[in-house]
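Single-structure report; data block below.
The values are calculated or read from the model by the stated rules, or taken from the named source; none is laboratory data. Everything numeric here is computed off the predicted structure, so don't read it as measured data. Using ideal geometry, Cβ is built from the backbone for each residue, glycine included, and neighbour counts are taken over all protein chains shown.
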Amino acid sequence: MNLKSKNILIVIPKSQFQEQELFDTLEVLKASGPRILVLSKSGQAAVGMNKTRFTPDGVLVDWDKQQGVSGKYDAVIVMGGKGAPKSLWDDDILPQILTDHFRAERVIGAIGLGVAVLARASLLSYEAAGPEDEKLLSELEAAGLTRSQSPVVHDGKVITASGPEAAREFARSIVNALE
């Protein structure tokens with residue numbers, strides 16, 4: 001599993017990200033060697049749901065101006081957490097980035113409450129993995145989707161995961177899709 005030539009973009013909420021989702025996903029992805037950029041809406045240090053501080057590599061609005069990345073990313077991943085509904089669900093730029101990469105047949109993924117971003121961007125077909133969360137279920141229903149009981153769901157190059165307990169499997173699925 002050597003993904004040294006691959007570039008992965010991870011988008012996190014500007015605050016209240018889910019630490020285990022992010023850190024477990026990063027650990028698995030980093031082991032396969034891709035270049036990973038973590039961006040947020042503010043680009044400033046984010047505080048997770050368990051008060052862990054994490055400083056992203058930059059601001060989401062500059063997603064296409066990152067040093068060493070020309071063209072499209074090989075994968076774009078949206079993280080969840082309690083901050084996702086506030087900072088990611090209504091973002092103007094993120095759905096455009098995801099749709100652009102989806103059309104270019106790149107890997108698209110979301111975990112936890114980040115799954116609603118894919119639902120709102122109409123990038124999911126019939127079902128998605130996601131947490132048993134009232135707001136998320138409402139978003140999935142509004143998009144004509146059902147919530148899968150599986151912790152990770154693959155639909156072509158689109159991968160969704162239920163939450164922190166599925167983060168490692170989610171990341172392995174992304175690695176497999178990139179190989």
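With respect to the conditions (1) without any contact (Cβ under 8 Å) to a residue 60 or more places away in the chain; (2) part of a helix (DSSP H, G or I); (3) among the small types (G, A, S), A171 lacks only one, and its number is (1). Scan the range 1-39 for residues that are in contact with a Gly (Cβ under 6 Å, 6 or more places away or on another chain), surrounded by fewer than 18 Cβ atoms within 10 Å (Cβ to Cβ) and of a type in the set (A, V, I, L, M) and the total you get is 0.
Looking only at residues in the range 124-179 that are β-branched (V, I, T) and more than 19 Å from E105 (Cα to Cα), the one that is surrounded by the fewest Cβ atoms within 10 Å (Cβ to Cβ) is T146. Here no strands (runs of 3 or more DSSP E) wholly within the range 84-161 include at least 2 residues being in contact with a helix residue (DSSP H, G or I) (Cβ under 7 Å, 6 or more places away or on another chain) and basic (K, R). Kindly indicate whether any position in the range 52-74 is among the basic types (K, R), in a loop (DSSP other than H, G, I, E, B), in contact with a strand residue (DSSP E or B) (Cβ under 9 Å, 6 or more places away or on another chain) and at pLDDT below 95. Scanning the range 52-74, I find at least one residue that is among the basic types (K, R), in a loop (DSSP other than H, G, I, E, B), in contact with a strand residue (DSSP E or B) (Cβ under 9 Å, 6 or more places away or on another chain) and at pLDDT below 95, so the answer is yes. Here L88 meets each of (1) surrounded by fewer than 20 Cβ atoms within 10 Å (Cβ to Cβ); (2) within 26 Å of E165 (Cβ to Cβ) with one exception, condition (1).
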